[in-house]
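Have a look at the structure below, then the notes.
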Number of protein chains: 2
Amino acid sequence: MSGKIFPTAQDAENAFYEALERGDLEGMMAVWAEDEEIVCVHPAGQRLSGQDEVRESWARIFAAGPRARVTVSQQVAIGAMMLAVHSVHENFVVEGDPRPTPTVLATNVYMRTAAGWRMIVHHASPAPAQAEPAAPTRKGPPKTLH
Amino acid sequence: MSGKIFPTAQDAENAFYEALERGDLEGMMAVWAEDEEIVCVHPAGQRLSGQDEVRESWARIFAAGPRARVTVSQQVAIGAMMLAVHSVHENFVVEGDPRPTPTVLATNVYMRTAAGWRMIVHHASPAPAQAEPAAPTRKGPPKTLH
């Protein structure tokens, strides 16, 4: 397996989306932990776990696709010593196709391993096609909870 | 807010699914961290973040629903000192309705806070309705990766 070392969870996340854009299977798998407990859910897909299932799924996706550019927005990042959780919106643009594609919501979890930060969970699901504007951030009613 | 203390991430997860079954809004919110960075994605839903959006969504769900029983299966749990990630299959049975409902895939993330373990992320998405059996666990081709 790859000996690539990502010094931060953000480095691993950047490499994940770069590999996704390039359709680069080795680059993609270099991001994942070498662990049978890894979990990947593609939009509207089953849960896949373990290196073999995850690798096969990306190989299938990269073989099928036209390449798309992807930008990540609205990241919420929560970090601790050994694990980091990023929630992001994935925004895809298919080359040569001006139509917008629905946003994909992703939860990405990274673990600090002996070989730097690696992805252990990627859970993606389509946001509702008729994307509503984000619910207004209410500053909340008075807290009268008990 | 509730002063409930969950000594382990699993205790918090148990309380989450009990509150979901009972339609118990206060019990549900007692599971979540009192943090504006919390994230919740209901099946086919937008990403919600912060206490107010998350609370409102559960209030809406509990007001609308018939109650359902839920069992959790095929848990993959990854823990570290301050964070724990559980990937589970949620299996719902609606009372009085014998038809099976599609499995929901959930990624649940818990954080150890001063008040014990609390949920910080719940990302749920429908598994494909035509549930295929889980992909066979191949023991993999010889590892000739470089």
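Condition (residue is more than 10 Å from chain A (Cβ to nearest Cβ) and surrounded by fewer than 19 Cβ atoms within 10 Å (Cβ to Cβ)) applied to region B:104-113: is it met by at least one residue?
Taking every residue of region B:104-113 in turn, at least one turns out to be more than 10 Å from chain A (Cβ to nearest Cβ) and surrounded by fewer than 19 Cβ atoms within 10 Å (Cβ to Cβ).
List the pairs whose first member sits in region B:60-81 and is farther than 23 Å from B:ARG118 by Cβ and within 14 Å of chain A (Cβ to nearest Cβ), whose second member is hydroxyl-bearing (Ser, Thr, Tyr) and outside any loop (DSSP other than H, G, I, E, B), and whose Cβ atoms are under 9 Å apart, counting only residues at least 6 apart or on separate chains?
These pairs meet every condition: B:GLN74/A:SER49; B:GLN74/B:SER87.
Conditions (1) modelled with pLDDT of 90 or more; (2) out of contact with any helix residue (DSSP H, G or I) (no Cβ under 9 Å at 6 or more places or on another chain), marked per residue:
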| position | (1), (2) |
| --- | --- |
| B:THR103 | no, yes |
| B:TYR110 | no, no |
| B:ALA115 | no, yes |
| B:MET119 | no, no |
| B:HIS123 | yes, yes |
| B:PRO128 | no, yes |
| B:THR137 | no, no |
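Can you say whether B:GLN46 is on the phi > 0 side of the Ramachandran plot and facing another protein chain (nearest Cβ under 8 Å), as far as the supplied structure shows? Write out each step before concluding.
On the way: on the phi > 0 side of the Ramachandran plot: no; facing another protein chain (nearest Cβ under 8 Å): yes.
In short, no.
Looking only at region A:81-101, which residues are of a type in the set (Ser, Thr, Tyr) and at pLDDT below 80?
A:THR101
Suppose we filter region A:1-22 for residues that are within 15 Å of the chain's Cα centre (by Cα) and surrounded by 18 or more Cβ atoms within 10 Å (Cβ to Cβ); how many remain?
8
Could you list all residues from region B:1-21 that are within 14 Å of chain A (Cβ to nearest Cβ) and touching a Lys or Arg at 6+ places or on another chain (Cβ under 7 Å)?
Listed by number, the list is empty, since nothing qualifies.
Limited to region A:24-53, what total is found for residues that are closer than 23 Å to A:ALA127 by Cβ, over 13 Å from the mean Cα position of the chain (by Cα) and surrounded by fewer than 19 Cβ atoms within 10 Å (Cβ to Cβ)?
Summing the residues that are closer than 23 Å to A:ALA127 by Cβ, over 13 Å from the mean Cα position of the chain (by Cα) and surrounded by fewer than 19 Cβ atoms within 10 Å (Cβ to Cβ) in region A:24-53 gives 2.
The values are calculated or read from the model by the stated rules, or taken from the named source; none is laboratory data. Computed from a predicted model, the values in this text were never measured in an experiment. All Cβ positions, even for glycine, are placed from backbone atoms using ideal geometry, and neighbour counts span all protein chains on display.
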